[in-house]
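Worksheet: one structure, shown below.
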Amino acid sequence: MVPLLLQLAVLGAALAAVALILISFVAFITATEMPHLHRHEDEKFFLNARVQREALPSIRDSPTKQLSVVVPSYNEEKRLPVMMDEALGYLEERQKQDPTFTYEVIVVDDGSKDETSKVAFKYCQKYGSDKVRVITLVKNRGKGGAIRMGVFSSRGKKILMADADGATKFPDIEKLEKGLNDLQPWPDQMAIACGSRAHLEKESIAQRSYFRTLLMYGFHFLVWFLCVKGIRDTQCGFKLLTREAASRTFSSLHIERWAFDVELLYIAQFFKIPIAEIAVNWTEIEGSKLVPFWSWLQMGKDLLLIRLRYLTGAWRLEQTRKVN
């Protein structure tokens, strides 16, 4: 009986090893090259408040604003106004209190099928195109790709990623700024502060089904096991980066859809960029684009592929890389 069990164990281990080799091989041969920041001709410009086309700047240019806020938006005509009203209300009040504070909000319409760009452009006309700009992508790239486009068109010394649903209260940026400052001295002027909902986990579990709770814990385990150590909430869409950290991480990013946050932090940890995780206020807003089971499944697959592609050398991180 014992020899039979031993044989089965050996066979199981062998099959698992063969499966891992096959999956690694598939991950290697299907790996795509670094996505070039290819811009359609219409994506090289934005419309100013007078409805005239102006060329977009580059992250390689010297910063001219203290803060850039990048808002990826896909079919957000209904939820975007609430977020923009709160964000711009806060930013304008802050500028009144401190005239030296300068900012811009960049709304990246990720190939929406609704009136997202028109809704966003109303804020450009109200506040001026020096403060609010709308980039309309010709086709959908995914959240990571949309943010990447906004980051590479930004003018800020610091760059904030903020979701269009307004789930995180905008004044919490001050918590991220403090967290970022507490990381000083920044190596090569690079640092990241991540908003986190981990402190709300117990409350959210009470409102979720057992199945969704299981999916959540499974995803957290895969993130920790495969990619990112020490960050409890990689998926909160409220992240503040120094300009140098944004340039380094986004220029090395492959994943352009839901799991891009994980790869972004994986890249940051590879380059030893200091990261602070900061608790923020968060409210679940109706209209999420995530379909619980299939979205988690897709992200789980992406996590495995991220790890295997870096492990097999299909994807490589270089110490210095030019921004496309």
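The values are calculated or read from the model by the stated rules, or taken from the named source; none is laboratory data. Nothing here was measured: the structure is a model prediction, and the numbers come from that model. Because the Cβ atoms are built from the backbone with ideal geometry, glycine has one as well, and the counts that use them run over all protein chains shown. Only protein heavy atoms, including side chains, enter the accessible area calculation; ligands, DNA and RNA are left aside. Shrake-Rupley method; radii C 1.70, N 1.55, O 1.52, S 1.80 Å.
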Area accessible to solvent at K178, 1.4 Å probe radius, in Å²: 130
So how exposed is E174, as accessible area in Å² (1.4 Å probe, rounded to 10)? 100
At R0 = 41 Å the Cβ-Cβ FRET efficiency linking F225 and V51, nearest 0.05, sits at 0.20
Hz values of 3J(HN,Hα) by residue in region 305-315 - Karplus curve (6.51, -1.76, 1.60), Gly and Pro given as x: 5, 4, 5, 5, 6, 6, 5, 7, x, 5, 10
Could you tell me the calculated FRET efficiency between K272 and R60, based on Cβ-Cβ distance and R0 = 25 angstrom, to the nearest 0.05? 0.65
Taking amide H atoms as placed 1.01 Å from N in the peptide plane, list the residues 5 or more away in sequence, or in a different chain, whose amide H sits under 5 Å from that of V105. V69, V132, R133
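Can you give me the % of accessible surface on region 232-286 that is carbon or sulfur? Probe 1.4 Å, all protein chains present, nothing else counted.
On the way: 910 of 1880 Å².
Summing carbon and sulfur atoms, their accessible area is 48 percent of the total for region 232-286.
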Part-to-part distance (alpha-carbon centres) for region 46-80 and region 94-141, which is given in Å: 5
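Would you mind checking K118/K229; K131/K178; K65/K118; K78/K272 for any pair whose Cα atoms are more than 32 angstrom apart? Don't skip to the end; give the middle numbers.
Values: K118/K229 41 Å; K131/K178 24 Å; K65/K118 25 Å; K78/K272 39 Å.
As for pairs spanning more than 32 Å Cα to Cα, those are K118/K229; K78/K272.
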Expressed as a percent, the accessible surface of region 76-176 that is carbon or sulfur, using a 1.4 Å probe and the full set of protein chains, is 50
Ranked by accessible surface with a 1.4 Å probe, highest first, in what order do L80, L304 come? L304, L80
Quick one: which residues, 5 or more positions from N281 or on another chain, have an amide H under 5 Å from its amide H? H modelled 1.01 Å from N in the peptide plane, none for Pro or chain starts. K169
